[in-house]
Structures are given as C-alpha cells and as structure tokens.
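The values are calculated or read from the model by the stated rules, or taken from the named source; none is laboratory data. Model, not experiment: these values are computed from the prediction. So basically every Cβ, Gly included, is an ideal-geometry build from the backbone, and we count neighbours across all protein chains shown.
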Amino acid sequence: MQLAGATAIVTGASRGIGEAIALALAQRGCRVGLMGRDAEALAGVAARCRATGGQVLAVMADVTDPRRLKEAVDEVARWGGGLSLAVLNAGVGVHRPAVGGEEAARHALEVNFLGAVRTLTTAMPHLLAANQAAVVAVSSLSALIPYRGGGPYAASKAALVAYLRCLRLELAGSAVRVGWVCPGPVRTGMIVNGVPHAKLPRLARLLVPVLSPERVARSVVGLAEGGGGQRVLPFQAAAFAAFARIAPRLAERVELFTGAGEA
Ligand SMILES: NC(=O)c1ccc[n+]([C@@H]2O[C@H](COP(=O)([O-])OP(=O)(O)OC[C@H]3O[C@@H](n4cnc5c(N)ncnc54)[C@H](OP(=O)(O)O)[C@@H]3O)[C@@H](O)[C@H]2O)c1
C-alpha cells in the first residue's frame, strides 16, 4: 500500500518501538493515530511527529477495554477520513518460569494476543472499506525460539503469529495485506526493565544482537508497503530460527550452551 496520504493507527505508540513506528509513518506522509494509555507520553510523541511535519492525533485507550478501543479507532478513522493501516504493537514483557506461570500467561495473553485481536477486529471494517490496506503486528522472536523464563510472553506472541497466519489466508484476494515482524531484543524500556539482555554471556549477545527501535520500524514500514508476511530480525536470529525449526534438539543445546536461552 502507499503510505503517503493514508491514515494509520499505531497501538502502544507512547514509547519504544511504537514511537519509532509512528515517527517513520509520519515522515512518509501518513496521518497517524497514536494510541496508548499514558497521555503525557503520547503528547510528547505527537509533538516529535509534528516537528517533522507529520499529522497525528493522540487517542487514549487500553487494548484490554473493547468499548474504549472501538471509540478510539473510530475517532482516528473519522479524523483521517478512513483507516488503511493498523499497527498492532502494544505489548507487555511478562517473563516467568513456566511452572506457576498461569497468572503471567493470562496477563500476557490478555494484552499481547487478545489486545491485538481486538484491535484488528475493531479496525477491520475500516480497512475493508479502503482501496488498499494493511495490518502489521509486532510479534517477537520468542514466538519462534523458546527460552527459559519466556513461557507466558512467548506463548502470547506465538498465538499472535498463528492467528495472523490464518487471517492472511482468509484475506487472500482482498485489498488487506497482513504482515508481522518477529524481532529479537530491542533497546526499549521493555528489555531494560524486563529481560536483562546485558547480563547474557558474550556469545549469546553475538548470536542475538540488540536492535534499535528504528530498525523494527523500518521493517514494519516495509511490510505495510509490500505484500506482508513474516520478517524475522536480525538476520542472525532469522538463521537461528530456521535452524531451530529443522533441528530443534540441536538448537536447544546451542541455546543452553551459549546462555541465549535465558531471560
Ligand atoms: N523490546 C524488545 O526487546 C521487544 C522484542 C520483540 C518484540 N517486542 C514487542 O514490541 C512491542 C513494543 O514493545 P516495546 O519494546 O516498545 O516496549 P515498551 O517500551 O514497554 O512499550 C510498550 C507499549 O505498549 C503500550 N501498552 C502496554 N500495555 C498496553 C495496554 N494494555 N493498552 C494499550 N497500550 C499498552 C505502552 O503504552 P502505555 O503504557 O502508554 O499504555 C507502550 O506504548 C511489544 O508488543 C513487544 O512485545 C519488543
């Protein structure tokens, strides 16, 4: 789809990867609805987008609140004269051991999976009314490669990928493209406060180097402009994910040996 002149909504736009995506879209001439729960942070992102000449509207909504979510999506569509891109980015980094992780899994699924499903369901009537449209989600490398402590988070991100793969088939032949990116660790508050990547052994850090939010944003833009599908970042992680699919037991040994399977 063509981004210039289109209207997009970005969930979790108040910081981190969502902020970088909002800026990248605004710089390409897209009108952007910035969604999040933190009004002050959203206002800051809006100001930074406007400083680059972007047109943005900040809307407050929690992706776990279906009524408010619908109001916010409809508000962006009214403001933008329609909606042709939904970026499902809002998420929480919940890490717990798999045993006893039920509450954490519920929380991760509620925000990372059901929050994304609610957003796309709410946005879909608008997207189907557009000439060209796209749904792009920010999943995670954890959906493809297991690691210790990743159960709740990885399950929510894998569920999202499985769901979008089905959606992609259902929308084949329509004007709506479906894509998702599976990034390894990204330098945002989520890993600074959540996954202690810096504590990993050097070999593990080489195997899965930390990405910038801007790198992920470029990939989201590429998926929206192109045919959708899956992108895994960085290329070392994409190669390791392919290896893990073909030889899962060997990949497990590499993870345990290098410490890349820690969180
Ligand atoms: N950082 C990484 O290493 C990494 C790697 C792979 C994938 N990801 C994924 O990338 C996405 C963005 O993460 P990030 O690294 O940028 O984390 P972040 O800096 O913690 O930002 C998370 C964003 O999600 C929003 N959010 C959280 N819960 C929400 C809710 N219930 N309703 C609405 N918005 C909510 C937050 O906004 P408010 O607090 O304002 O609501 C914030 O804008 C997430 O889906 C994450 O799982 C991150």
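Out of the stretch 31-56, which residues are crowded, with 19+ Cβ neighbours inside 10 Å and over 18 Å from the mean Cα position of the chain (by Cα)? Full working, then the answer.
Going through the stretch 31-56, the residues crowded, with 19+ Cβ neighbours inside 10 Å turn out to be 31-36, 42, 45-46, 49, 54, 56.
If the condition is that a residue be crowded, with 19+ Cβ neighbours inside 10 Å and over 18 Å from the mean Cα position of the chain (by Cα), then 31, 46, 49, 54, 56 are the ones that fit.
Would you pick out the residues in the stretch 1-30 that are crowded, with 24+ Cβ neighbours inside 10 Å and without any contact (Cβ under 8 Å) to a residue 60 or more places away in the chain?
14, 22, 26, 30
Checking residue 101 against (1) over 15 Å from the mean Cα position of the chain (by Cα); (2) closer than 30 Å to residue 258 by Cα; (3) surrounded by 22 or more Cβ atoms within 10 Å (Cβ to Cβ); (4) among the small types (Gly, Ala, Ser), only one condition comes out false. Which one?
Evaluating residue 101 over (1) over 15 Å from the mean Cα position of the chain (by Cα); (2) closer than 30 Å to residue 258 by Cα; (3) surrounded by 22 or more Cβ atoms within 10 Å (Cβ to Cβ); (4) among the small types (Gly, Ala, Ser) leaves (3) as the failure.
Could you identify the single residue in 142, 156 that is surrounded by 16 or more Cβ atoms within 10 Å (Cβ to Cβ), under 15 Å from the mean Cα position of the chain (by Cα), modelled with pLDDT of 95 or more and of a type in the set (S, T, N, Q)? Please lay out each step first, then the result.
Details: 142 fails: modelled with pLDDT of 95 or more.
None of the others qualify; the one that does is 156.
Got a sec? Which strands (runs of 3 or more DSSP E) wholly within the stretch 19-97 have at least 2 residues that are within 23 Å of residue 167 (Cα to Cα) and more than 10 Å from the ligand (Cβ to nearest atom)?
Numbers: elements: 31-36, 56-60, 85-88.
Because the criterion is at least 2 residues that are within 23 Å of residue 167 (Cα to Cα) and more than 10 Å from the ligand (Cβ to nearest atom), the strands (runs of 3 or more DSSP E) in the stretch 19-97 that meet it are 85-88.
Here is a list of conditions, (1) in a helix (DSSP H, G or I); (2) within 10 Å of the ligand (Cβ to nearest atom); (3) in contact with a Pro (Cβ under 9 Å, 6 or more places away or on another chain), and residue 105 meets all of them except one; can you say which number that is?
(2)
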